[in-house]
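One structure below.
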Amino acid sequence: MKILGVSPLLSITRGLNLLFIVFIATFALDSINSYRTMPDMIVDVGMNLIPAFLLISVFALSMWREWLGTVGYVLLALLYAAFNIQRLSWIAVIAFPLLILALLYFLCWSQRQKLEREFE
């Protein structure tokens, strides 16, 4: 039996997820300045938005299945930490919230599994 409706925890998790995507996307604004040509700025902004696009893709997958959000955000956090191991403060600001989102998606997934077992 399929459980209809969205739990408050899932709504909060999705809202925090969207806020984190906007936070990451604002870093792309750093590449805009008046000393460069427009095509160069467009390419730079596009490259700086790649992390936001990765987060959006994991978010879209997690709308379908919560466990994909858990796996995706853990993988992105580990990937970010591996590439920035020398900058622990960056890891704390970027990878730690990704791990918190992964934990929240895991809690949502386990809550959904529990409800589905109860209503079988």
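For the reader, a short list of remarks on this structure follows.
- Across LEU54, LEU18, LEU79, mean-square fluctuation computed from a Gaussian network of the chain (C-alpha pairs under 10 Å connected) peaks at LEU79.
- Shape annotation for region 80-120: C-alpha extents along the principal axes are 50, 14, 7 Å, from largest to smallest.
- Sequence-separation-based contact order of region 42-120, relative, with Cα cut under 8 Å and 6+ spacing, percent: 30 percent
- Taking 1.306 mPa s as the viscosity and 10 °C as the temperature, the Stokes-Einstein diffusion coefficient of region 24-85 based on its alpha-carbon Kirkwood radius rounds to 121 µm²/s.
- Each of ASN84, LEU18, PRO39 was scored by the projection of its Cα onto the charge dipole of region 17-120, and the greatest displacement toward the positive side belongs to ASN84; charges sit on the C-beta of Lys, Arg, Asp and Glu.
- For the pair region 97-119 and region 15-67, the centres of their Cα atoms are 26 angstrom apart.
- With 10 Å bins beginning at zero, the pair-distance distribution over Cα atoms of the chain amounts to 13, 37, 28, 15, 6, 1, 0 %.
- Stretching LEU49 away from PHE83 to a fully extended chain increases their span by 10.5 nm, per 0.36 nm per residue minus the current alpha-carbon distance.
- With protein chains left intact and a 1.4 Å probe, residues in the chain average 67 Å² of accessible area per residue.
- In this Cβ point-charge picture (+1 for Lys and Arg, -1 for Asp and Glu), the chain has a dipole of about 200 debye about its Cα centre.
- In summary, the helical segments of the chain meeting the span-like criteria, namely a full DSSP H run, a Cα extent along the axis of 30 angstrom or more and a mean Kyte-Doolittle hydropathy of at least 0.5, are 88-118.
- With a cut-off of 14 Å on the backbone N, the residues of region 100-120 near the modelled label site 7 Å out from VAL71 along Cα-Cβ are 106.
- Restriction of the chymotrypsin sites (Phe, Trp or Tyr not before Pro) in region 22-120 to DSSP coil positions whose beta-carbon has at most 16 other beta-carbons within 10 angstrom yields TYR35, PHE119.
- The chain, accessible surface, carbon-and-sulfur percent (1.4 angstrom probe): 75 percent
- Taking every C-alpha pair closer than 8 Å and separated by at least 6 residues, the mean separation divided by the residue count of region 4-73 gives a relative contact order of 27 percent.
The values are calculated or read from the model by the stated rules, or taken from the named source; none is laboratory data. This is a predicted model, so every value here is computed, not measured. Backbone-built Cβ (ideal geometry, glycine too); neighbour counts: all protein chains shown. Just the protein is used for accessible areas: all its heavy atoms, side chains included, with ligands, DNA and RNA removed. Shrake-Rupley method; radii C 1.70, N 1.55, O 1.52, S 1.80 Å.
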